[in-house]
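Report on the following structure.
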Amino acid sequence: MSKLLIEGVSRTFAGVRGGEPVKALMPIDLAVAANDFITILGPSGCGKSTLLRIVAGLEAPSEGRVLLDGKAVTRPGPDRGMVFQSYTLFPWLTVAENIAFGLRERGMPEEERDGIVASYVDLVGLKGFENHWPKQLSGGMQQRTAIARALANDPEILLLDEPFGALDNQTRGLMQELLLGIWERRKKTVLFVTHDIEEAIFMASRVIVMTARPGRIKSDVAVDLPHPRHYTLKTSPEFSALKARLTEDIRVEAMRTAQTA
Amino acid sequence: MRPLQPVPPGIRTVLGISFFVLFVAFWAWITLGGHVNRIFLADPLSMLRDGWRLLVEDRFWLDILITIWRVFGGFLLASVVAVPIGIAMGAWKPVEAFLEPFVSFARYLPASAFIPLLILWAGIGELEKLLVIFVGSVFQIILIIAVKVGSTRRDLVEAAYTLGSTNNGIVRRVIMPANAPEIAETLRLVLGWAWTYVIVAELIGSSSGIGYMIINSQSRLATGQIIFGIIVIGLIGLLSDFAFKAFNRWLFPWSLA
């Protein structure tokens, strides 16, 4: 059975100042198997973030529904952990307190939280920074904390909305390896939105390519590259072949976006 | 001079102090030099002499203490009422829709115009003084806090929801801590205004306090005392502002880190 089912989900935004309503998402159907790492690849403004926000329950679909373990999603909840592109650590909490946030909201006693928090601090390599404020951290460290914060809640599915989009290229590469390493060790169902083709292939067991707005699924590409993956994989012939194919797919869409914009 | 170019800290201090020196020098020049009538403006030296006499002989420090107590009492009263209302208005839009029009209207009611009414209701005792400050501050605090709380970062709220926060949890563990430094800053700002209200309250129907001393000195043409009183208010205001700032910094280290 699929872990996550997206059934005919579409989204239309009301027109601005009496204008025509804007279709952001055409009806989308997608089935995600348990412990799959899916990347959703598309040009800017194609509605891929909207789709992710609908799965998170932060936005309601205009039509269709989302099922997680057979249960319909109606609002945000701790079973769907999310990492945002903007830095969303709570600035008044330390790294450790940020990671503990979800557990605290659940009413878990402090002694129990401490053990879990320590293990996730370790997992994302932030030992020694537990008592730092978010402002004292680099962007990469903030996003690592955000990943740990989402994972500490032990969600059924992890949603990531261009989490490394604001990072420089080197940091981004390291973050990809870190996240992939975590996924390889502790299997988790992941939905990862990005506009970076390399990132989409490197991370994924399956890449969903979306069209320009209004977004729909253009292609669904399995990535059968072996695990564990190392950054050198990005220069292998198999990787390059996939990249060439997806580049062609996405280029057409990017051009369509550029023409309508 | 290059615009927006920062000034080294040493030069900054020197520049800041030199204006005070210039100001006092100008004051000394027009008074001691006989350019204005002494009846209307005392010179700096007699101001200091008058001030010293006030403190030593007339027990002016008691007036100072009473004024400070009124400012903080009225300000505390206003804060205790206004902060929860402001947070509620910012967090829950129906509450805002219900209260905002009235508060916006009430904000423009001048506190000083309430003094005759407040004297009728509460007499000329301490309660009336506190109420003047309360009326002057409470609506301001409510409105500013409501706006700040209303502009809480939405992505933080969304992140908290995806971590399992309830509506109640969002208000208590996201909206309130996120805005706490801004709320404290607002209170610091309004405390400054409270100093204005207290003097107005003391100018009318009062028998103690710095404002009373000032109005009392006017009838005796003791301009030295008046200026001394004004300077004392300025100094206390400055001190309390510094203390408040330091307290906020100590309370919210994360907002400065």
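General remarks:
- Nearest-0.05 FRET efficiency for A:ALA241 and B:LYS245, computed from C-beta distance (R0 60 Å): 0.45
- Karplus-based coupling profile of the stretch B:215-223, in residue order and whole Hz: 5, 5, 5, 4, 5, 9, 6, 8, 5, with θ = phi - 60° in 6.51 cos²θ - 1.76 cosθ + 1.60 and x standing for Gly or Pro.
- Under DSSP loop assignment and at most 14 Cβ neighbours within 10 Å, longest trypsin sites (Lys or Arg not before Pro)-free interval of chain A: A:1-105
- Springs join every pair of Cα atoms under 10 Å in this Gaussian network model of chain A, and among A:LEU151, A:LEU25, A:LEU242 the largest mean-square fluctuation is at A:LEU242.
- Cross-link reach list, lysines versus A:LYS218, counting only Cα pairs under 16 Å and skipping chain neighbours closer than eight places: A:LYS48, A:LYS243
- Calculated mean residue ellipticity, 222 nm, chain A: -12000 deg cm²/dmol, from DSSP H runs (n ≥ 4) at -39500 (n - 2.57) each, averaged per residue and rounded to 500.
- Built amide H within the under 5 Å cut-off of A:LEU25, gap 5+: A:ARG11, A:GLY215
- Per-residue average of Cβ from other chains inside 10 Å of B:149-162: 6
- Local charge for B:SER46 was computed over the other residues whose Cβ lies under 13 Å away, with Lys and Arg +1 and Asp and Glu -1, and equals +1.
- Label point 7 Å beyond Cα of B:ASP155 along Cβ direction - residues of the stretch A:135-164 with amide nitrogen under 18 Å: A:135-151, A:159-164
- Net charge, A:ASP114 excluded, C-beta distance under 13 Å - Lys, Arg +1, Asp, Glu -1: -4
- The gain in end-to-end length when the A:ALA14 to A:ASP154 segment is fully stretched comes to 46.8 nm, 0.36 nm per residue minus the alpha carbon separation.
- Per-q log10 I(q)/I(0), the protein assembly as shown, q = 0.06, 0.09 Å⁻¹ (Debye; single scatterer per alpha-carbon; no solvent): -0.47, -0.81
- For A:LYS3, distant residues with modelled amide H under 5 Å away: A:VAL32, A:ALA33, A:ALA34
- Here the convex hull built on the C-alpha positions of the stretch B:44-255 has a volume of 131 cubic angstrom per residue.
- Averaged over A:83-92, number of beta-carbon atoms from partner chains that fall within 10 Å: 6
- The string of couplings for the stretch B:15-30 from the Karplus curve (6.51, -1.76, 1.60, θ = phi - 60°) is 4, x, 6, 5, 5, 4, 4, 4, 4, 5, 4, 4, 4, 5, 5, 6 Hz, one whole number per residue in order, with x for Gly and Pro.
- Peptide A:68-81 has a mean shielding of 2, counted as Cβ atoms of other protein chains within 10 Å of each residue's Cβ.
- Förster radius 41 Å - calculated FRET efficiency between A:ALA33 and A:ALA258 (Cβ-Cβ, nearest 0.05): 0.75
- Summing Lys and Arg as +1 and Asp and Glu as -1 over all other residues whose Cβ lies under 9 Å from the Cβ of A:PHE192 gives a net charge of -3.
- For a straight C-alpha distance cut-off of 23 angstrom, the lysines reachable from B:LYS245 (same-chain residues fewer than eight places away being disregarded) are A:LYS135, B:LYS148.
- Hz values of 3J(HN,Hα) by residue in the stretch A:223-239 - Karplus curve (6.51, -1.76, 1.60), Gly and Pro given as x: 10, 9, 5, x, 10, x, 9, 10, 4, 5, 4, 5, 9, 6, x, 4, 4
- Computed FRET value (nearest 0.05) for B:LEU65 with A:GLN136, which takes r as the C-beta separation and R₀ as 51 Å: 0.75
- A full extension of the chain between B:LEU117 and B:ARG12 corresponds to an added length of 33.1 nm, given 0.36 nm per residue minus the alpha carbon distance.
- Applying a DSSP loop filter and a limit of 16 other Cβ atoms within 10 Å to the chymotrypsin sites (Phe, Trp or Tyr not before Pro) in the stretch B:10-46 leaves B:PHE40.
The numbers here are math on the coordinates, done by the rules we state, and not lab data. Source: prediction; values computed, not measured. All Cβ positions, even for glycine, are placed from backbone atoms using ideal geometry, and neighbour counts span all protein chains on display.
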